[in-house]
Amino acid sequence: MSGSLIERVRERLAAESAPLRPNVVAAAIRAESGGVLGDTEMLASLRVLQTELTGAGILEPLLCADGTTDVLVTAPDAVWVDDGNGLRRSEIHFDDEAAVRRLAQRLALAAGRRLDDAQPWVDGQLTGIGTGEFAVRLHAVLPPVAVAGTCLSLRVLRPATQNLDGLTAAGAIAPQAATLLSQVIAARLAFLVCGGTGAGKTTLLAAMLGAVSAAERIVCVEDAAELAPQHPHLVKLVARGANVEGVGEVTVRQLVRQALRMRPDRIVVGEVRGAEVVDLLAALNTGHEGGAGTVHANNPGEVPARLEALGALGGLDRAALHSQLAAAVQVLLHVARDRAGRRRLSEIAILRQSGNGRVHAVTVWHAERGMTEDAGDLQRLLRERMSA
């Protein structure tokens, strides 16, 4: 089935605005092909059109496979998949560059975004992929911005529902560390989960929130709906991007401010990635103990600098940021992949303020070395909170 015929059928179906039932698609194929296709060719064309017009096309089996976290297309014959064990090249390939571009533009439209020569990149979220049990974060870039051809990046956003016991049993959390995490939750210490992309930050955060007392009300703010902790009193607020006309945006920062008015016992920001860090730190300094969030960082020591950069976006200078941070957040939980590519909790650190007012991270537990000589500081902090 030629690309030109696909385009003509697509345009006819769009003009008719009819549901994509097989008989409707078949009629469009016959009309645009001049009625010269036999039964075998017609069935083959229907399969091609189903791939071209619904779901994620030929990428859908990869997205729906158990464990898939990312599907990346860098060329028609270069489709990569990460199923939790690092990236590997799949056997799936597109017919040509035009097929990759068509899929990217169709997915962009499904996400309510524009993708064309005037707007050559898109960032959005898709729902209804596969069985509809998960969402997909979409990013695409068209040539000539993407020099080698259309680049498509799909991140699978399966609800993070694991609990601490499950992660411990799977080896993602060492038993000694699991005990510390339970104590951090019980003592209502505020914490941030840090790590790189795909390291398991959201998974650990969801497990931690699932261990919060059922008597507490959690208000969670996210850029994309990923957190689904096993907790009976969870309120979820999800940000929204602007539509094609450029209106209707609802930012994470706006939602953090709304969360403060919703009588939260704990405020959670799924991913701290912008000026919302200012409002989160302010909230944690005004009686909302036990708050949490995730932040991108290569190690706990980089977290203060990362928050400095984000605080600057919200007009918070370095001195003010460190002052707020010292009072607001007590614990950092770092997740990373081990040498085998498996995600795990690799380090627990506390934040300590120096004489110059700057905050720095001090490791109290490490996956390779166990408790450090500074572990007593965490124990004292836990005892003080539990006795308060």
Suppose we filter the stretch 119-172 for residues that are at pLDDT below 85, within 16 Å of the chain's Cα centre (by Cα) and surrounded by fewer than 16 Cβ atoms within 10 Å (Cβ to Cβ); how many remain?
4
Test each condition in (1) more than 17 Å from residue 155 (Cα to Cα); (2) without any contact (Cβ under 8 Å) to a residue 12 or more places away in the chain; (3) among the basic types (Lys, Arg) for residue 114 and report the one that comes out false.
(2)
When you look at residue 88, is it closer than 18 Å to residue 58 by Cα, buried (at least 18 other Cβ atoms within 10 Å of the Cβ) and charged (D, E, K, R), yes or no?
no
Can you tell me how many residues in the stretch 158-192 are out of contact with any helix residue (DSSP H, G or I) (no Cβ under 9 Å at 6 or more places or on another chain) and either of a type in the set (D, E, K, R) or in contact (Cβ under 8 Å) with a residue 60 or more places away in the chain (or both)?
3
Out of everything in the stretch 246-296 that is over 28 Å from residue 213 (Cβ atoms), of a type outside the set (D, E, K, R) and out of contact with any Gly (no Cβ under 9 Å at 6 or more places or on another chain), what residue ends up being surrounded by the fewest Cβ atoms within 10 Å (Cβ to Cβ)?
247
Among the residues of the stretch 302-315, count how many are crowded, with 17+ Cβ neighbours inside 10 Å, farther than 15 Å from residue 253 by Cβ and of a type outside the set (A, V, I, L, M).
3
How about the stretch 1-117: which helices (runs of 4 or more DSSP H) wholly inside it have at least 2 residues that are at pLDDT 70 or above?
3-16, 22-33, 60-64, 97-110
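The values are calculated or read from the model by the stated rules, or taken from the named source; none is laboratory data. What you see is a predicted model, and the numbers here were worked out from it, not measured in a lab. All Cβ positions, glycine included, derive from the backbone under ideal geometry; neighbour counts span all protein chains shown.
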